[in-house]
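In what follows, a single structure is set out as structure tokens and then discussed.
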Amino acid sequence: MSEQEGGNGSSKSSSLTNYEEALEALSSLIIRRTRADGSNFGDQFDVLFVYLKMLDLEEQISNMKIIHVAGTKGKGSTCTFTESILRNCGFRTGLFTSPHLIDIRERFRLNGIEISQEKFLAYFWWCYDRLKEKTDDNVPMPNYFRFLALLAFKIFAEEQVDVAIMEVGLGGKYDATNVVKEPIVCGITSLGYDHMEILGNTLGEIAGEKAGIFKDRIPAFTVPQPEEAMHVLEDKASKLNVPLQVVPPLDAKLLNGLTLGLEGEHQYLNAALAIALCSTWLKRTGNIGDAYLERTDTLPEQFIKGLTSASLQGRAQIVSDMHFKNDQSNELVFFLDGAHSPESMEVCARWFSLAIKDNSPDEMLFHRQLDNPKSSHDVVKMQHGERGAQRKSAPILLFNCLTVRDPQLLLPRLMETCADHGVYFKKALFVPSLSVYNKVGSQASTTLTDSQVDLSWQIALQRVWENLMQGKKAGTITDIVPEELKDDIEMSASNCEHSAVFSSLPVAIKWLRDRSQQNQSVRFQVLVTGSLHLVGDVLKLVKK
């Protein structure tokens, strides 16, 4: 692609690498607005089709065999299962998801692997320079997510993928991915309350936004939904002549004794939806006949392999702290899940509670770690071995969430679900984000000193937690808090009996490591949740 080469004009700073220059350019597209502003054409949905013309993408998108997925919970998991199944069926796949945890290139996967830096740069500068040349005050540059969606379409078109799996970023109707006019099949994952400041205050309103991806006569699938949401989905489908089907959870027996690649009971719903999407895609693209779709007693080997080998960072992921990789006497393990809605918080709490149980009959709960399954399994053996049985367990919560979330909905659900399983956090640690939202890449970490960081939100989170703890009956919590965790936390900005606020994530991680070294009779099990951004930041620190 000669037109792609060298598109990174000479005006850019020579002190940055080409990749850093691209991330700087991408950062310039991040805006604070979260809702369309009718006074600015650049914020309106229709302008997306102008961008498609500028990038000559209209015909290419119309020729793509696209699977389009919206929903509140499970979009990323469903898309991951879908991609893995079709890749194992022998097709060249393109997968676009959000957000990324460590590197922006995670959002663009070709055959299950994030796009190479070389290809990313070629396609990035081709799109960025062309849009920069053609946009003006009336049609400004697209914002951050819109640009990424356009870039995904460009990548998948040029790479000639057999199938493009597109995860909706937010909502559906006005999402940048919804420029797709004729997908092969659509999916709606579990619906719940999230992004209500944009999508609406009722499940019906939220369902209406998600159903915006439905297209005339294009088949769609969903999972069992609350009645209010299902009524809206069915109504929208009826008006567009969309054959909408509800899929039940996957029967685990169909996996022939194997387990899903993604942990948690809820994944059997996402897996079932992925199976329906793949089966319909295969049928509508002429790769299988009707007879296959009628079979409910078996799954093809390729489907089973796709479901059991799927992997997704930051969802029910267990990572042993690499800081102690050469010291088997220290045990600090992070349980990572980017749950950030009340419903997903409950699912996360259930998974964590089962995963940390001593002498669990199902050690497979521990065996998934994306980058190195073997080392994760070693964590299991270490936790269930003779030495592990002699240790006290110290579940710790490491939490942050966006200010648009309601901690009074999230934290009670988390605490109560864990308590139902007999799990009580010995300490809750609240930290500000390491990443900032107007930068991408290596420049995205905050450089403020501790005294400059605004911790008012974290202190508010702490207050909610302390109120919840004090609402418990005397004797149920304080009696099981190890003495070693009751000492003063010298590095915290605000330390209470059951919680602490730290001025930064690295400081909190240092405190955990110090405590792990000082208390080798304690097994520290840290649940990191509330925000995928927090999960990504922790991964960056503990996998070094």
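The values are calculated or read from the model by the stated rules, or taken from the named source; none is laboratory data. Given the structure is predicted, the values throughout are model-derived calculations rather than measurements. Methodologically, a virtual Cβ is constructed for each residue, glycine included, from the backbone with ideal geometry; neighbour enumeration extends over all protein chains shown. To get the accessible areas, we keep the full protein, side chains included, count just its heavy atoms, and leave off ligands, DNA and RNA. Shrake-Rupley method; radii C 1.70, N 1.55, O 1.52, S 1.80 Å.
Filtered by the rule that a residue be touching a Ser or Thr at 6+ places or on another chain (Cβ under 7 Å) and open to solvent by 10 Å² or more (accessible area, probe 1.4 Å), the stretch 51-71 gives a lone residue, Lys65. Across the stretch 94-114, which residue is nearest to Gly171 (Cα to Cα) among those that are surrounded by fewer than 23 Cβ atoms within 10 Å (Cβ to Cβ) and over 17 Å from the mean Cα position of the chain (by Cα)? That would be Leu110. Residues considered: Phe145, Phe156. Of these, the only one that is touching a strand residue (DSSP E or B) at 6+ places or on another chain (Cβ under 7 Å) and either under 19 Å from Gly169 (Cβ atoms) or β-branched (Val, Ile, Thr) (or both) is Phe156.
When the stretch 317-341 is limited to residues that are among the hydrophobic types (A, V, I, L, M, F, W, C) and at pLDDT below 90, the one that is least open to solvent (accessible area, probe 1.4 Å) turns out to be Phe324.
Considered as a group, the residues in the stretch 130-161 that are among the charged types (D, E, K, R) and assigned to a helix (DSSP H, G or I) include one that is farthest from Ala220 (Cα to Cα), and that residue is Glu133. Is it the case that Ser309 is open to solvent by 60 Å² or more (accessible area, probe 1.4 Å) and at pLDDT 95 or above? Here the answer is yes, as Ser309 does meet what is asked.
Among residues of the stretch 391-409 that are assigned to a loop (DSSP other than H, G, I, E, B), those with a Cβ under 8 angstrom from a residue that is of a type in the set (Asp, Glu) and surrounded by fewer than 18 Cβ atoms within 10 Å (Cβ to Cβ), sequence gap 6+ or separate chain, pair up as Val404/Glu197.
Could you please let me know if Glu133 is of a type in the set (Asp, Glu), at pLDDT 95 or above and either in contact with an Asp or Glu (Cβ under 8 Å, 6 or more places away or on another chain) or open to solvent by less than 20 Å² (accessible area, probe 1.4 Å) (or both)? It is false that Glu133 is of a type in the set (Asp, Glu), at pLDDT 95 or above and either in contact with an Asp or Glu (Cβ under 8 Å, 6 or more places away or on another chain) or open to solvent by less than 20 Å² (accessible area, probe 1.4 Å) (or both).
Meeting the requirement of 1 or more residues that are at pLDDT 95 or above, over 16 Å from Ala164 (Cβ atoms) and not hydroxyl-bearing (Ser, Thr, Tyr), no strands (runs of 3 or more DSSP E) wholly within the stretch 12-122 can be named. Is it the case that the stretch 352-364 has a residue that's among the aliphatic types (A, V, I, L, M), within 18 Å of the chain's Cα centre (by Cα) and at pLDDT below 90? No, because not a single residue in the stretch 352-364 is among the aliphatic types (A, V, I, L, M), within 18 Å of the chain's Cα centre (by Cα) and at pLDDT below 90. The requirement of being in contact with a Cys (Cβ under 6 Å, 6 or more places away or on another chain) and either open to solvent by 10 Å² or more (accessible area, probe 1.4 Å) or over 21 Å from Leu255 (Cα atoms) (or both) is fulfilled nowhere in the stretch 72-93; no residue meets it. If the requirement is being under 25 Å from Val347 (Cα atoms) and either in a strand (DSSP E or B) or modelled with pLDDT under 90 (or both), which of these qualifies: Leu527, Leu539? That would be Leu527, the only listed residue that is under 25 Å from Val347 (Cα atoms) and either in a strand (DSSP E or B) or modelled with pLDDT under 90 (or both). Can you find, within the stretch 213-245, the residue that is farthest from the chain's Cα centre (by Cα) among those that are closer than 24 Å to Thr82 by Cα and free of Cβ contacts under 8 Å to residues at least 24 places away in the same chain? Checked the stretch 213-245; the qualifying residue farthest from the chain's Cα centre (by Cα) is Glu234.
Scan the stretch 50-85 for residues that are among the charged types (D, E, K, R) and either within 22 Å of Gly112 (Cα to Cα) or in contact with a Gly (Cβ under 8 Å, 6 or more places away or on another chain) (or both) and jot them down. Result: Lys65, Lys73, Lys75, Glu83.
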